[in-house]
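What follows is calculated from the coordinates using simple rules that are stated; it is not laboratory data. Keep in mind that this is a model prediction, so the values were computed, not measured. We place every Cβ from the backbone using ideal geometry, glycine too, and count neighbours over all the protein chains shown.
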Amino acid sequence: METQKKLTIGLFGFGVVGEGLYQILKQTPSLKASIKKVCIKNAAKKRNAPDALFTTDKEVILNDAEINVIVEVIDDADAALQIVQTAMLNGKAVVSASKKMIAENLAAILQLQQETGLPFLCEASACASIPIIRNLEEYYDNDLLHSIKAIVNGSTNFILTKMFEDKLSFTEALLLAQQLGFAESNPKLDIEGYDALSKWTILLNHAYGIVTKPTDILFTGIQNIQDSDATVATEKGFDIKLIAQAKKLGNGKVAAFVFPQFIPLNEPLSFVKNEYNGVVIESGFSDKQFFYGKGAGSFPTASAVLSDIAALRYHYKYEYKKLYHHQPHELTNDYYLKVYVSFNDWKYIPREDFEWIEEWHAQAERKYLIGVLHLSKLIEGDWWKLNNTSLIVTPDPIIDDLSIIHLKKRSLELAGIV
């Protein structure tokens, strides 16, 4: 029987998550894990813990031989990277919640784990209380994972829920999210999709062995969603959610992006409301599986950090089987997307970029179309983010079978439509 390792923790950050972890550890003495020291920036700030616990000198923690685990829950990506690198080179295991830092430095962190042989666990960086990284690592084989779709940002999901259920405007819903603490005073990282993008970069690695950077994944947030888009969605029997998704195509490569999406009301992700997160995984033999849990807040996020700490007692570390023991998958931009686009003026929409347009409504004050275009057209231009233009992908948006494209275009040509 494997013995439990006693964990002595050096904690960086005592905000919402850090304090949540401190409170949880006090209530779970059976874990054999204790916080020896906490590094904070502002020594004058009053905190719900003894003053002797705190230091402003990171070296006190990083050079303490007794401390064998560093838990890092700060929001400065550059400082977080330095802490992680120093800690691991000093022989300490690391638990991190810094999604931006991990996503932007994924290759370097993987290299560090290879060099040191030490664990780097980061469950809290993806979906807070949902143990999705561990499941992707342990449960799903590379070749059998067909697709993964997820709501990974609680702030945007809260706003969209309020727009649909309480009929608030986007501005009103954002203000409410800020008042309740679900959105930052500067909500750009959430609203414009950057937070979801970072999380998706991390999850692509655990799902498909893909090592990439956020800059290689096409994305947008909900900043341009209009009240009229919500009305159209409701008329068609859909919700709108900010969805991160990845799908294995016919050629074995992977399509991945983060976009607002129309979600049918009978699909699991439609039931994910407010600040909750949800993940739907489709694999070869288990069909669809749905994970659901709180995606923000002190205790939900701290619970994910706690699960990583608990795993370290048994010397657990990610094996990255899909990267090191399988042939890693490749990202591709060679596929077509079926999209809904709403806009105020036709002159801003490059209609020639579309393979075909199958629905258009030009009479109303807010116009919209539904059509198919190659992903390269979105990569090459940014018209779909400008001039109050709103782009939302359809429920099943990816088309990678060229025969479907050719047949559809031929039928439209014969009908005299294109």
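Rounded to whole Å and sorted largest first, list the principal axis extents of the Cα atoms in segment 138-294.
44, 31, 25
Run down the aspartates and glutamates and flag those whose C-alpha is under 15 Å from the C-alpha of Lys46, throwing out any fewer than 8 positions away in its chain.
Of all the aspartates and glutamates, those that pass the test against Lys46 - Cα under 15 Å, at least 8 places apart if same chain - are Glu19.
For Ile210, enumerate residues with amide H under 5 Å from its amide H, sequence gap 5+ or separate chain, H modeled in the peptide plane.
Asn205, His329
Note the full-extension length gain between Asn90 and Lys32 as 0.36 nm times their separation in residues minus their Cα-Cα distance, in nm to one decimal.
Values: separation 58, 0.36 × 58 = 20.88 nm, distance 2.20 nm.
Roughly 18.7 nm would be gained on extension.
From the helices alone, meaning DSSP H stretches of at least four residues, give me the mean residue ellipticity at 222 nm for the chain, per-run term -39500 (n - 2.57), in deg cm²/dmol to the nearest 500.
On the way: 16 runs with 146 residues, N = 418.
Value at 222 nm, helices only: -10000 deg cm²/dmol.
Subtracting the Cα-Cα distance from 0.36 nm times the residue separation, let me have the gained length for Ile405 to Ala43 in nm, one decimal. List each step's numbers first, then the result.
Working: separation 362, 0.36 × 362 = 130.32 nm, distance 6.22 nm.
Fully extending the segment from Ile405 to Ala43 adds 124.1 nm.
With contacts defined as alpha carbon pairs under 8 Å and 6 or more residues apart, what's the relative contact order of segment 336-414 in percent? Intermediate values should be presented prior to the final figure.
Working: 115 pairs, mean separation 32.8, N = 79.
Once divided by the residue count of segment 336-414, the mean separation gives 42 percent.
A 19 angstrom limit on the alpha carbon distance is what I want to check against. Which of Lys149/Lys241; Lys162/Lys288; Lys5/Lys321; Lys149/Lys288; Lys5/Lys99 exceed it?
Working: Lys149/Lys241 11 Å; Lys162/Lys288 28 Å; Lys5/Lys321 25 Å; Lys149/Lys288 10 Å; Lys5/Lys99 27 Å.
Long pairs (Cα-Cα over 19 Å): Lys162/Lys288; Lys5/Lys321; Lys5/Lys99.
When the chain is fully extended, how far beyond the present Cα-Cα distance does Asn251 get from Ser228, taking 0.36 nm per residue of separation?
Result for the pair: 4.5 nm of gain on full extension.
For His146, His315, what's the fewest-to-most ordering of other Cβ within 10 Å of each Cβ?
Fewest-to-most Cβ neighbours within 10 Å comes out as His315, His146.
Give, as ranges by residue number, the residues of segment 245-262 whose backbone N falls under 12 Å from the point 7 Å along Cα→Cβ of Gln327.
Answer for segment 245-262: 251-253.
Which order, highest average first, do 363-369, 184-190 follow once you tally other Cβ atoms within 10 Å for each residue and take the mean per peptide?
Details: 363-369: 13.3, 184-190: 15.3.
Peptide ranking by packing, descending: 184-190, 363-369.
Please give the residues of segment 355-375, grouped as numeric ranges, whose backbone N is less than 16 Å from a label point set 7 Å along the Cα-to-Cβ vector of Glu235.
Correct set: 358-371.
What residue among Ala93, Ala65, Ala80 shows peak mean-square fluctuation when the chain is described by a Gaussian network model with Cα springs under 10 Å?
The residue with the greatest mean-square fluctuation here is Ala65.
How large is log10 of I(q)/I(0) for the chain at q = 0.08 Å⁻¹ when the intensity is taken from the Debye formula with one equal scatterer per alpha-carbon?
Debye intensities relative to I(0), on a log10 scale: -0.47.
Report the FRET efficiency, 1/(1 + (r/R0)^6), for Ala108 and Asp75, where r is their Cβ-Cβ distance and R0 is 25 Å, rounded to 0.05.
Working: r = 19 Å, r/R0 = 0.78.
Rounded to the nearest 0.05, the efficiency is 0.80.
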